[in-house]
1. Enumerate the amide H contacts of V311 below 5 Å, restricted to partners 5 or more residues apart or on another chain; note that Pro and chain-start residues carry no placed amide H.
2. Starting at the first residue of the range 243-257, write each ³J(HN,Hα) from the Karplus equation 6.51 cos²θ - 1.76 cosθ + 1.60 with θ = phi - 60°, in whole Hz, x for Gly and Pro.
3. Taking the Cα centre of each part, how many Å lie between the range 339-378 and the range 134-184?
4. By the gyration tensor of its Cα atoms, with a ≥ b ≥ c the square roots of the eigenvalues, what is the shape of the range 227-325: rounded for a/c under 1.5, prolate for a/b over b/c, or oblate?
5. For D159, enumerate residues with amide H under 5 Å from its amide H, sequence gap 5+ or separate chain, H modeled in the peptide plane.
6. Just from the alpha-carbon atoms, what are the Rg and Dmax of the range 103-213 in angstroms?
7. Tally Lys and Arg at +1 and Asp and Glu at -1 over the other residues with C-beta under 9 Å from the C-beta of H361: what net charge comes out?
8. For L239, which sequence-distant residues (separation of 5 or more, or a different chain) have an amide H within less than 5 Å of its own amide H, given hydrogens modelled in the peptide plane?
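The numbers here are math on the coordinates, done by the rules we state, and not lab data. Since this is a predicted model, take the numbers as computed values, not measurements. Positions of Cβ are backbone-derived with ideal geometry, glycine not excepted, and every protein chain shown enters the neighbour counts.
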Amino acid sequence: MENRKGTKLHITIRPVKIFSIFYFLFSIFLISAGCGAPGDPVPPAPVVPAAVKDLAAHQAGDGVELSFTLPSNSISGEKLVAPPAVEILRGAVKADGSADPKSFRVVYTIPGALVENYRADDRVRFTDPIAPAETKSHPGGMIAYAVRTRASRKRASADSNVVSVRVYPVPAPITTVVARVTETAVELNWTALGRTSAGELINAITGYRIYRSEIHPSASPSLPQELPAGRPESHAALLGSSETNSYSDTSFVFDHTYVYTVRSVIQVEGVELESSDSQPVTVTPRDIFPPAAPQGLVAALLPGAAPGKFVVDLSWSINLETDLAGYRVYRSEQEGTRGQLVTPDLLPTPALRDTSVEPGHRYWYTVTAVDRAGNESEPGGPAAVEVTQPSR
């Protein structure tokens, strides 16, 4: 290039250091990254169930039964997607009757997947077994309890309210309950025991309580094997009480399956205490009991619809069984034998008109009753009829 005077214009280009350029570009990258991108990702806070507030406890045989409502929401008010695990804490009680907070320890954990096995009447029920030797050495000793729940391993709920229970020696569990099914009742009998679970003599057993649960056909045939000792065998309901070592269950239904347990009852300081459950006895009553034989059978010979024809009109007293399905009528031409069935179907009413008789024959009729289980009674008293020959 030349200038106006014709001389060349020289432009000098100085080299720039590579390091300076790199530093400049890197600075721009950092500034742009800081302006447009969020900070480091923050992990979600663990779900923490709301604290249990209605823990209750009482002595149940050689143990303490705890019951409470399982929380369904978190502390933030969100609904829990699954039942939380439950931790049972046991602690000591100070001389002044207050619980020692430093003494509490987790004695059982119920996994969330198994909590449903402990539900009854919308509450979780768990029995903490107490060694009979402990109640023997410290009769009336107090134990404190609390529970907490956990929806994640990171953080548990706050502890529940604290409850304290006095625990006394109770009768040893009844070892054997025998059941016998009759037509009107399931008869239960057991052997009375006069000692505590630790082997000490008991002054007096005031009575017995009988519990019954029902196994439905759709119930699972097996339960998970890895369950704590406090899992209830079943959600049994109090059926009745007895002052003797026997009881009649008249409210059963045939073909239903029942599980019976019996508990001894004593009084300690004005409070009734029960033993632990007896060995359970399972009964499925079957109706093998036929109805009573029909009574009062009467047979009358009447003229038929055509000349020379006859019919036999039969009637008898109605049976009073509530499960009666109907009657069967048998006819024989030989006294003392049942003979042939007159009608293939059960008769719903105590009456029949036999139009198939023949003149010149003698017939013996008997009637049986049949219940809905198919049990047939013995025949009632027979009735004889002579079908005369028509006069010529």
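1. Distant-sequence amide H within range of V311: L302, G304.
2. The phi angles translate into 8, 10, 8, 8, 7, 10, 8, 9, 9, 6, 10, 4, 6, 8, 9 Hz.
3. Their Cα centres are 62 Å away from one another.
4. prolate
5. The answer is none.
6. Every Cα atom of the range 103-213 included, Rg and Dmax give 19.2, 60 Å.
7. Residues close to H361 contribute a combined charge of -2.
8. I210, Y211, R212
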